[in-house]
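Every read-out reported here was derived from the displayed coordinates using simple, explicitly stated rules and does not represent laboratory data. All figures in this text were calculated on a predicted structure; none of them were measured in a lab. Note that we place each Cβ from the backbone using ideal geometry, even for glycine, and neighbour counts take in every protein chain shown.
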Amino acid sequence: MINIEEFKKVDIAVGKIVSVEKVPDTDKLLKLSVDLGEEKLRQIVSGISLYFPDYNVLVGKKCMFVANLEPRMIRGIESQGMILAISTEDNKFSLLTPNDEIPVGTRAR
């Protein structure tokens with residue numbers, strides 16, 4: 001369990017996926033370029049490839065991201081955040097997406 005003060009430290013932001021590449025020699029990893037309303041695009045590596053056989057459907061999609069996660073090297077690629085998603089034991093999957101009216105860069109309060 002975490003308390004509300006710990007939860008408030010998580011910076012959740014609306015981002016728009018600008019481009020997607022399959023990470024070579026992996027089954028699950030995609031490298032996303034994401035606009036979080038900042039000066040520079042973020043590079044985020046995520047293990048969601050199995051849910052998107054045509055991963056190009058992700059381009060242009062708005063999703064929710066953790067923006068203040070410490071950068072981490074995954075297969076030699078720096079990941080600068082995390083896309084938020086949910087899955088069930090029987091393999092149902094969904095990205096967490098905002099209403100279309102919510103602009104890129106909007107932070108959860």
Requested in this report: Go ahead and set up a Gaussian network model of the chain, Cα springs under 10 Å, then flag whichever of ILE17, ILE74, ILE86 fluctuates most.
Outcome: ILE86
Query raised in the report: At q = 0.18, 0.23 Å⁻¹, what is the log10 ratio I(q)/I(0) for the chain, with the Debye formula run over Cα points and no solvent?
Result: -0.93, -1.38
Report summary line: Applied in sequence order to region 5-19, the curve 6.51 cos²θ - 1.76 cosθ + 1.60 (Karplus, θ = phi - 60°) yields integer Hz couplings, x standing for Gly and Pro, of 5, 5, 4, 5, 6, 7, 8, 9, 10, 7, x, 10, 6, 8, 8
Report summary line: Rounded to the nearest Å, the spacing of the alpha-carbon centers of region 14-48 and region 61-99 is 9
Report summary line: Checking region 14-70 for trypsin sites (Lys or Arg not before Pro) in a loop per DSSP with at most 11 other beta-carbon atoms within 10 Å yields LYS40
Query raised in the report: Which longest run of the chain has no exposed loop site in it, a site being GluC sites (Glu not before Pro) in a DSSP loop with at most 11 other beta carbons within 10 Å, and the site itself not part of the run?
Result: 40-88
**Report entry** Table column - 3J(HN,Hα) (Hz), region 54-68, Karplus curve with 6.51, -1.76, 1.60, x for Gly and Pro
**Finding:** 9, 5, 5, 5, 7, 5, x, 7, 8, 9, 9, 10, 8, 9, 10
Query raised in the report: Taking H as built 1.01 Å from N, whose amide H comes closer than 5 Å to the amide H of ALA85, not counting residues under 5 places away?
Result: LEU96
Query raised in the report: Remind me, relative contact order of the chain in percent, using alpha carbon pairs under 8 angstrom and six or more residues apart?
Result: 30
Requested in this report: Springs between alpha-carbon atoms under 10 Å, Gaussian network over the chain: tell me which of THR26, THR97, THR88 tops the mean-square fluctuations.
Outcome: THR88
